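I have placed the structure first, in the form of structure tokens, so that the comments after it can refer back to it.
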Amino acid sequence: MEYIKVGHIVNTFGIRGELKVESLTDFAEMRYKPDQELYIKKDNKYNSVIVKRMREHKGFLLVLFKDLEDINLVQQYKDCDIYIHRDNIHVLPIGEYYYFELAGCDVYSNNMKIGNVTDVEDGYQTILRISTDEKEFLVPYVPAFIKNVDIAHKRIDINVIEGML
């Protein structure tokens, strides 16, 4: 079964078992709502947990899981990642993609393969990190550079400008 990362546990918070979570999803309200099943990856094993409650605090989420309402039970999860089953992702509108769908795509310019997407970076704007045989380069994920995305065939066509490669 395939899992998708939706958060990272930064630390514990208080003594009642809350975990300070950096959310990695645009759907935090849904992913961390009460009774939602999530998976904490520890020691290469996905441990099922059920959300009891979630609240925001200083740019992070404070998440409490059922049956883990004690700091002694949750300390082991510090610095672990939180996942969902791939089957539970939202269907996005046409033309929008999850980062994990873009990573691994082959990149073409003028019908010639020039590399593949090794990472998708998110900041002020979304950037594709593309690796060729010789080097890496960055391409902003904007219509001026991205001509076509075909997730089914793992292919992205880009418009290369002078100095990009």
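The values are calculated or read from the model by the stated rules, or taken from the named source; none is laboratory data. The shown structure was predicted, so the numbers you read here are calculated from the model rather than taken from an experiment. Here the Cβ is made from the backbone with ideal geometry for all residues, glycine too, and neighbour counts use every protein chain on show.
Some observations on this one:
- Those residues of region 55-100 which are modelled with pLDDT of 95 or more and among the basic types (Lys, Arg), in sequence order: Arg55, Lys66, Lys78
Listed here are the residues, each with its yes/no results for (1) under 19 Å from the mean Cα position of the chain (by Cα); (2) not in a strand (DSSP E or B).
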{"site": "Leu61", "(1), (2)": "yes, no"}
{"site": "Ile82", "(1), (2)": "yes, no"}
{"site": "Asp87", "(1), (2)": "yes, yes"}
{"site": "Pro93", "(1), (2)": "yes, yes"}
{"site": "Tyr97", "(1), (2)": "yes, yes"}
{"site": "Ile130", "(1), (2)": "yes, no"}
{"site": "Asp133", "(1), (2)": "no, yes"}
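- Residues of region 127-140 classified as free of Cβ contacts under 8 Å to residues at least 24 places away in the same chain and among the hydroxyl-bearing types (Ser, Thr, Tyr), total: 1
- In region 135-149, the qualifying residues are those that are assigned to a strand (DSSP E or B), of a type outside the set (D, E, K, R) and out of contact with any helix residue (DSSP H, G or I) (no Cβ under 9 Å at 6 or more places or on another chain), and the one that is surrounded by the most Cβ atoms within 10 Å (Cβ to Cβ) is Val139.
- The set of residues in region 37-67 being among the basic types (Lys, Arg) and over 18 Å from Lys5 (Cα atoms) consists of Lys52, Arg53, Arg55, Lys58, Lys66.
- Looking only at region 107-126, residues that are in contact (Cβ under 8 Å) with a residue 12 or more places away in the chain and among the small types (Gly, Ala, Ser) come to 2 in all.
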